[in-house]
Amino acid sequence: MKQLSFRAKIMIVFITIGILQGGIMGYFAYSHARSLIFNNKKNEMENMLEKINISVTDKVSYMTQLGQSTATSQIVRNNIHSGEDYLQVGRSKRNIAEYFSSLVLSFEPLNNIMIIDRSNILYSTYDYYRLQDFDLVSSKYYEAASEHGGQPVWLGLQDNLLFYMEGITGPEKVLTMVEPITDFYNQEVIAVLIMDLNPDTFLDILHTENASFPHQMTFMLDQNQRLIAGDEKTVSQVIDAVCAMENRGGESKELMVGQERMALSVIENEATGWKIYTMVPYSDISAQVQSLNHSILLSIILCNLLILVCLLVVSLAITAPVKKLIEAMREVQQGNFDYRIDNKRSDEMGRLMETFNYMVFKIDMLIKEVYQEKLAQKNAELEALQSQINPHFLYNTLDTINWMLLEKKEYEISGIVVSLGEMMKYAISRSSRTVALREEIRHVSNYLLIQKERMEDKLEYEIDIPHQYESVQVPRLILQPLVENAIIHGIETGGKVSIRVYEREEDGGCWLEVSDNGAGMDEEQLKRLRDGTTEMRMDHRSIGVENVNKRIRLYYGEEFGLTIESRLGEGTVIRFCIPGNS
């Protein structure tokens, strides 16, 4: 892993995360989708049963209303007789037969409609006087009609009473509804209305609702668990399992039929007590889930491929600038400090490149500064070597000139030559970095003497140094640049320069002050001089005022330095402090 590139590591990490994330999301998506599909399919099954139940209820309700209106109609009540008056019974049977014929024609599912009185006389659309071997009072029809308080009763699937009579067609099994016909005065049951419904009516209803699955089974059982509608060959084994479950009091939504696990939905018709069932093998539902599973798997693969492409792009976007940065580092490592990264980015990598460019720039600048310092140091060493060779010759030459002038009695010129020689001797001396203040004052006095002669006595100067400060140590050549500045920029055409030393009360130190009564400076010039932006120079070798200021701060501390005061036309005062602890 350590040998892999940064890009390869990013790819491996993100691909692993993508695969894990895809697998976890796929698992939960599959589980959730599977649960949703199962619930949706069960809801579809229940909705289908609800529609079937509504259609069954419509048929049953219509037939119930038809039975109630028939049982209370005047035609029926006026033509039911007890006794053996065959002529009267014959007329009544014909009247009722005509009425029943119209009812059968008005409601197609109605297979038979008949009335049997307590004398076992049969009133129907057929010309039969009595049913063979049938006694109403002892029959289940009479019992059911008597037990429900005059309300119609559905008996479920029954034998067709007229099926075996000659000339009669119809199904062997019918769905029978019975309703009592009672006497108005004593409410005694005088006859029973029997209406038979063709079971195929409900088979058509079951077929009308399309099944959602290829092996879905829908069927209807009566209250005695007999098959009303459905494919008897197909559902026979299923019916046995359903009946066994209900006999055990089970309410499970699943059922094992042989080796097949089935999803079961059931609804009960409140008017009749019949139950409608629909069953779907879980293998059918799982087939749809499997199809969804393939879709999810394909989606995960496509998403991972898309993530892989995105990772390639992102990793390239991350590693490309890193590679560019590495190449730039190699260039700098080989000594090419002029190399810069072409940076057009504004993100973190862009800021990193910008920082790299700035760092290389600073390194290049520092290297050049160090090189220049070393070069300047070599030049200074060379000049110092030259200055060590020439001074003795120059000094001896000046001494010779002085003796020649004394022989000719040129005392003034001799004094200038002596002052110049002492100045040169003092300037090239390397005995120490600091000197006693008296030596610095003697050096400045020689300089002022020469300048006074040069300016033909237009220059006046005054030096006031108390005796106790003569031995104070000061940096070498610290006063001459200030005096030069006063003469060159203040009183070039004439004036007075004063050098004064006085006590500093804070710590027992002293102040050194150089002043002139020359041209002075305006506010802008004074500001530039205080800010160190302008150097007052006599020539390219002289040490400027700013250099003096830096030397004082370097030697005594940052809180010390030159204090400059000036007014245009009145002159300039420059002072600095020598602390007592120095």
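Got a sec? Which residues in the stretch 495-526 would a label at Glu456 touch, if it sits 7 Å along Cα→Cβ and we count backbone N under 15 Å? Only 495 pass the distance filter.
A simple rule links phi to the HN-Hα coupling: the Karplus curve 6.51 cos²θ - 1.76 cosθ + 1.60 with θ = phi - 60°, which for the stretch 94-103 gives 5, 4, 5, 4, 4, 5, 5, 4, 5, 5 Hz, with x for Gly and Pro. Here the spin labels are modelled as points 7 Å beyond Cα on the Cα-Cβ line, and at Ile326 and Arg261 they lie 5.5 nm apart.
Which value in nm describes the separation of the simple spin-label points at Leu298 and Glu108, placed 7 Å from the Cα toward the beta carbon? So the two model labels end up 4.5 nm from each other.
Over 32 Å between Cα atoms: which of Lys425/Lys496; Lys425/Lys452; Lys59/Lys233; Lys9/Lys362 fall into that group? From Lys425/Lys496; Lys425/Lys452; Lys59/Lys233; Lys9/Lys362, over 32 Å: Lys9/Lys362.
The calculated FRET efficiency for His215 paired with Ile12, based on their beta-carbon distance and R0 = 45 Å, is about 0.40. Shown here: Cα Rg over 2.2 N^0.38 Å, derived from the displayed model; of the candidates (1) 2.62; (2) 1.07; (3) 1.13, it corresponds to (1).
Taking a straight line from the alpha carbon of Lys368, these aspartates and glutamates sit under 14 Å away, with near neighbours fewer than eight places off in the same chain left out: Asp338. The 3J(HN,Hα) values that the Karplus relation (6.51, -1.76, 1.60; θ = phi - 60°) gives for the stretch 359-365 are, in residue order, 4, 5, 4, 5, 4, 4, 5 Hz. Gly and Pro appear as x. Maximal additional length on extending the Glu373-Val314 stretch stands at 16.5 nm, based on 0.36 nm per residue less the C-alpha distance.
If R₀ is 56 angstrom, what is the calculated FRET efficiency for the pair Ser69 and Ala33, using the beta carbon separation as r and rounding to 0.05? Display every interim value, and only then the final one.
Numbers: r = 53 Å, r/R0 = 0.95.
The pair Ser69/Ala33 has a calculated efficiency of 0.55.
3J(HN,Hα) couplings calculated from phi for the stretch 525-531 with the Karplus curve 6.51 cos²θ - 1.76 cosθ + 1.60 (θ = phi - 60°) are, in sequence order, 5, 5, 5, 4, 5, 5, 6 Hz; Gly and Pro show x. With the simple spin-label model, which puts each label point 7 Å out from Cα in the Cβ direction, the Gln237 to Thr434 separation comes to 11.9 nm. The stretch between Asp342 and Leu554, if pulled fully straight at 0.36 nm per residue, gains 72.1 nm over its current Cα-Cα span.
What does the charge dipole of the chain about its Cα centre add up to, to the nearest 20 debye, if the Cβ of each Lys and Arg holds +1 and the Cβ of each Asp and Glu holds -1?
Details: 57 positive and 80 negative charges, 486 e Å.
I would put it at about 2340 debye.
Peptides 142-155, 450-463, 272-285, 356-369 ordered by packing proxy, namely the average of other Cβ atoms within 10 Å per residue, highest first: 272-285, 142-155, 450-463, 356-369.
Given 0.36 nm per residue, what is the gain on full extension from Ala271 to Ser101 after removing their alpha carbon distance, in nm? Mind showing how you got there, number by number?
Values: separation 170, 0.36 × 170 = 61.20 nm, distance 2.61 nm.
Roughly 58.6 nm would be gained on extension.
Measuring r between the beta carbons of His467 and Lys496 and using R0 = 25 Å, the FRET efficiency lands at 0.60.
Each value in this text was obtained by applying a stated rule to the coordinates, not by laboratory testing. Since the structure is predicted, the reported quantities are computational estimates derived from the model, not experimental observations. Counting neighbours? That spans all protein chains shown, and the Cβs are built from the backbone with ideal geometry, glycine included.
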